[in-house]
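FYI, it's all coordinate maths here, none of it is from the lab. In this text, all values refer to a predicted model and were calculated from it rather than measured experimentally. Positions of Cβ are generated from backbone atoms using ideal geometry, with glycine treated the same way; all protein chains shown enter the neighbour counts.
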Amino acid sequence: MLSRAANNLYWMSRHIERAENTARMLDVTYRMSLLPYRTPDQAWAEHWALPLVITGLASDYYARFSGALTSERVLRFMALDAANSSSIYSCVQSARESARTMRGVITTEMYEDINDWWLEMRNRIDESLFTRGISEFFDWVKMRSHQFRGVTFGTMLRDEAYQFIRLGTFMERADNTARILDVKYHTLLPSVAEVGGSVDYYQWGALLRSVSAFDSYRKIYRDTITPMRVAELLILRDDMPRSLHACTREIYAILSALSDAGSREPERLAGELNAMLRYGRIEHVFTAGLHEYLMDILARLSALNEEINRHFLVPVYTQSQVAPAAAGR
Amino acid sequence: MRRPAFYNEMYAEDGAVYPHYAAYAEWLKATTVEHLLQKQREADALYTRLGITFAVYGDESGVERAIPFDIIPRIIQPGAWKKIHAGACQRLRALNAFLKDIYHGQDILRAGVIPADQVLGNQLYRPEMREFEVPGDIYVHVAGVDIVRTGENEFHVLEDNLRTPSGVSYMLENRRMMMRLFPELFSRMSVAPVDHYADCLLDNLHAVAPGGAGSPTVAVLTPGPYNSAYFEHAFLALQMGVELVEGQDLFVADNTVFMRTTRGPQRVDVIYRRVDDDFLDPLAFRPDSMLGVPGLFAAYRAGRVTLANAIGTGVADDKATYAFVPDMIRFYLGEEPILRNVPTWQLRKPDDCRYVLDHLPELVVKEVQGSGGYGMLVGPAASREEIDAFRTRIRARPDNYIAQPTLALSTCPTFSGGGVTARHVDLRPYVLTGKSVSLVPGGLTRVALREGSLIVNSSQGGGTKDTWVLEEQC
């Protein structure tokens, strides 16, 4: 398929996943902010700073707003701000625009679903959003994302276009999960010494909820929450759909299906990354240092994204690639 | 009984229904207004849902607005269609010959049939196309010929559209819509199908591929989703089963055009381009164009890719050149024109200009290179102020205008405002040129929805109807 088309679909998908993850993360932050909280030593670990730190948007935020960090400002910035390209609003808008240009490629039901999402979102955003309770808005965003995924899974032909849509979802999910885990983990557990110790139930519960893993944790471990188990669940377990391993498994499968003689490198990088997670042991992760481990994962994901761009989405051709195609006639 | 001012497509002067409308009239008589209203609503809702729209330039909201579709078909007698068919084909044969001639021997200019500066001095004449052999000598692969009917056997060509004519997607969707809304009509009447348009076009495009291309790759080149006719570009690409590309999807290497795909570069042999000449190639034409492909024109001249329509056809659909088409038919084909031109005054000529300025309230004045009904004056419908303002514009640049008498466009029953009333219509059949010249039976009937209005362009509030040509009973 046309590279530009694949690029549009990949990013449509990434934007939707980003909107969903942002909604989830902000919702948890909001709920946690309603509980009593011990003020951290570092200013960056302040409740409402965390979403900004996780997404790397802190400097954008401070460029726009001087003065105190407030919940309302952060919520507006990350949920509703049209000038913030990663806000929920902007993500849904971008996804809808991409879908619009890809109307011949995605199914009618997919387009109608995302178009409805866009139109309804514009109706929902008004001043009453904050007084009504912004949690309701976040729940709605999550459900619309699930719905779109359902419509896609249920109606779309399993062709290259479908593969790029799925690829976008998993690349974004892996990236977001690694970031949330890294930042939240370290605000909750600044010292290695406390790794095996008792922890603040609510705080850890919040971390699990921010990636919809709370119920799964209870099912698997049936015991108190420990940091090491949380990390294992979210990094290594492949039965947990939002874990890093589950994401890399899908990414590797998709790239294997898509690859041909010219594009082995994306497949290779994905395979390497997946093997790390498939054969990893949580004890080794902590020996190396969780933060260092997650930074490495993020770097690999970034390199993989680059290769995907280079080979599929925004290719630049060399003379040797062009000559055989021209000579073919 | 007083002779009606306008020819009505369905009813004769004495109120009797014409034979070709008889079966439909019978059905209409037995159908309630409520039923028609319901069907009209269904059509409107479906069109909006499907998102078949035609963004209106100058509309601030940029909102997609469905083109109004009228559920009463415009039916054409077989005899009339034969004339339209033959006349449109004849025009295209002459126009293709004209284009070949002016880019080669220029015989028609040498013979003094057309003033040389009208052609060579024309903004749309492309000197870059001189002495270049296009495949099959075909310059205009797709044309839209605008025809009005002023009497039972009187047809006038209003203009030829030879660059990037649009509207065929509406023709095809209107037919589908009618079959969906009124299947019973199709079982009672034999309406000649139009579905094969895309197949025919694809065949013609394959036929002009650069020599030696075994299984040619065709692509539709669009300016993109913000172009008002984008829906049509996407629709045709889908119907033909070919890729829809924008300039940025293509690149030229070794004078060969390639598409950027997820499987590497893929060669393109024929491009059905819906981008204007000026924007096709920043290296050859407007350097600021973001819509084109650098090097495309060189690849075209090297014969490595075919463009449909060819570059440089605009000189032939210029409103001033239009006046010479009957002469072209005589000069190249040795035939008399089957369809008449509309008498046209060329305001660059002082006598014509004087006459027109004296008779503005009776005439229709158009910009020589205008389109879509913009920049024109409909004398009888204009206010004193509008006429005066236009007079000033004419005086400033007389050579920019032509004028024609107001034509008595035929009317057709239209379901407007909850009842069946007569509204003015025209017809745009589409002429495809390949190994032969052909038309699918029908075309796009455009209807002026406002009572008494003669302006049918969709961009100015007009609508469309399905057009039926009945297959003759053996």
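Taking chymotrypsin sites (Phe, Trp or Tyr not before Pro) as exposed when their DSSP state is a loop state and no more than 16 other Cβ atoms lie within 10 Å, the longest site-free interval of chain A runs over A:66-278.
For the range B:304-388, the relative contact order comes to 20 percent (Cα pairs under 8 Å, sequence separation of at least 6).
Of all aspartates and glutamates in the structure, the ones whose alpha carbon falls short of 16 Å from that of A:K184, not counting any fewer than 8 places away in one chain, are A:D27, A:D41, A:E46, A:D175, A:E194, A:D200, A:E232, A:E292. Each label was represented as a point 7 Å from its Cα along the Cα-to-Cβ direction; for A:E120 and B:A111 these points are 6.8 nm apart. In this rough spin-label picture, where each label sits 7 Å from Cα along the Cβ direction, the B:E472-B:T421 distance is 3.8 nm. With bins 10 Å wide beginning at 0, the percent of Cα pairs of the protein assembly as shown falling in each bin runs 2, 12, 18, 19, 16, 13, 10, 6, 3, 1, 0. Only aspartates and glutamates eight or more places from B:K29 in sequence, or on another chain, were considered; those with a Cα closer than 16 Å are B:E184. Given a Förster distance of 45 Å, report the FRET efficiency between B:E367 and A:S135 from their Cβ-Cβ distance, rounded to the nearest 0.05. Step by step, r from the Cβ atoms, then E = 0.15. Here, chain B yields an orientationally averaged convex hull projection of 24.6 nm² when only Cα atoms define the hull. For the range A:107-175, the list of trypsin sites (Lys or Arg not before Pro) that fall in a loop by DSSP and count at most 16 other C-beta atoms within 10 angstrom reads A:R158. Under 12 Å from a label point set 7 Å out along the Cα-to-Cβ vector of A:L69, no amide N atom of the range A:130-147 is found. Among the trypsin sites (Lys or Arg not before Pro) in the range B:97-198, those placed in a DSSP loop whose Cβ has at most 16 other Cβ atoms within 10 Å are B:R130. For the pair B:A192 and B:A25, a Förster radius of 22 Å applied to the C-beta separation gives a FRET efficiency near 0.65, rounded to the nearest 0.05.
The lysines whose alpha-carbon is closer than 19 Å to the alpha-carbon of B:K349, local same-chain residues fewer than 8 away aside, are B:K319, B:K366.
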